[in-house]
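These notes are about the structure you will find just below.
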Amino acid sequence: MGVAKLTNQNTIVPESKYAQVERERRYLLRDLPEGITRADPHVQITDNYMTGSRLRLRKVREPRTNKWTVKFTQKFAPNPDDLSRTIITNTYLNALEAEVLSIVFNSNEIRKNRYPLEFEGRKFSVDMFLGDLFGLVLAEVSFETDEELDQFPKPSFALADVTNEELFTGGRLCELTFSEVRTEIANRGLLR
């Protein structure tokens, strides 16, 4: 039994009523965009990935209130050549459930601060990575329709559109350091 199917127009249709189609573009940045500083309001995100699976445990902390949200997530692209369209299913957890799953998800960690950015009428999420990936900054923007996604130009603050680069997926980044990511960027010629 599958959890998504592609129509003849390459439109993704989730087969579960709990799954959602997520349409987004991801961009590589040199640093936080102009107008954002590290001290600006943000949330702290810790993602733990289960090796060899499409599963992650996401913990989100709001520093100003110390409120935590924990989600157990499955996310995958039905078409491995198009990472801009994924199927995502989230289950929100209480503290006990999060603690139990934390035992399983005890490695492959990514930590980042996520900043909101409004740019030319669009809401972006800008992620400044911490720990082994410190120095990496990515921005994401989501879309309601395939047409919006397909027609969206790279924003002026971005170095490169890395949406379809598997290297920049969480499941891959959790295995790398920033130095290794920089080497891969150079080897792949992403900044031409």
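General remarks:
- Filtered residues of the stretch 36-64 (kept if modelled with pLDDT of 95 or more, part of a loop (DSSP other than H, G, I, E, B) and either of a type in the set (S, T, Y) or closer than 16 Å to I110 by Cβ (or both)): T37, H42
- The residues of the stretch 59-100 that are free of Cβ contacts under 8 Å to residues at least 60 places away in the same chain and of a type in the set (D, E), listed by number, are E62, E97, E99.
- Yes/no for Y92 being more than 30 Å from Q151 (Cα to Cα), open to solvent by less than 40 Å² (accessible area, probe 1.4 Å) and hydroxyl-bearing (S, T, Y): no
- Of E180, E165, E184, E147, all but one fail to be among the charged types (D, E, K, R), on the phi < 0 side of the Ramachandran plot and surrounded by fewer than 13 Cβ atoms within 10 Å (Cβ to Cβ); the exception is E147.
- Test: residue in the stretch 61-76 that is of a type in the set (A, V, I, L, M, F, W, C) and open to solvent by 40 Å² or more (accessible area, probe 1.4 Å): yes
- Residues of the stretch 159-184 classified as within 14 Å of Y49 (Cα to Cα) and touching an Asp or Glu at 6+ places or on another chain (Cβ under 8 Å), total: 4
Yes/no matrix, rows are residues, columns are (1) acidic (D, E); (2) out of contact with any Ser or Thr (no Cβ under 8 Å at 6 or more places or on another chain); (3) surrounded by 13 or more Cβ atoms within 10 Å (Cβ to Cβ):
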site: E99; (1), (2), (3): yes, yes, no
site: N108; (1), (2), (3): no, no, yes
site: M128; (1), (2), (3): no, yes, yes
site: S156; (1), (2), (3): no, yes, no
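- Pair list, Cβ under 9 Å, 6 or more apart: the stretch 179-190 residue under 13 Å from L133 (Cα atoms) and of a type in the set (S, T, Y), other residue at pLDDT 95 or above and part of a helix (DSSP H, G or I): S179/D132
The values are calculated or read from the model by the stated rules, or taken from the named source; none is laboratory data. Computed from a predicted model, the values in this text were never measured in an experiment. Note: ideal-geometry Cβ built from the backbone for every residue, glycine included; neighbour counts use all protein chains shown. Keep in mind that these areas ignore ligands, DNA and RNA; they rest on the heavy atoms of the full protein, side chains included. Shrake-Rupley method; radii C 1.70, N 1.55, O 1.52, S 1.80 Å.
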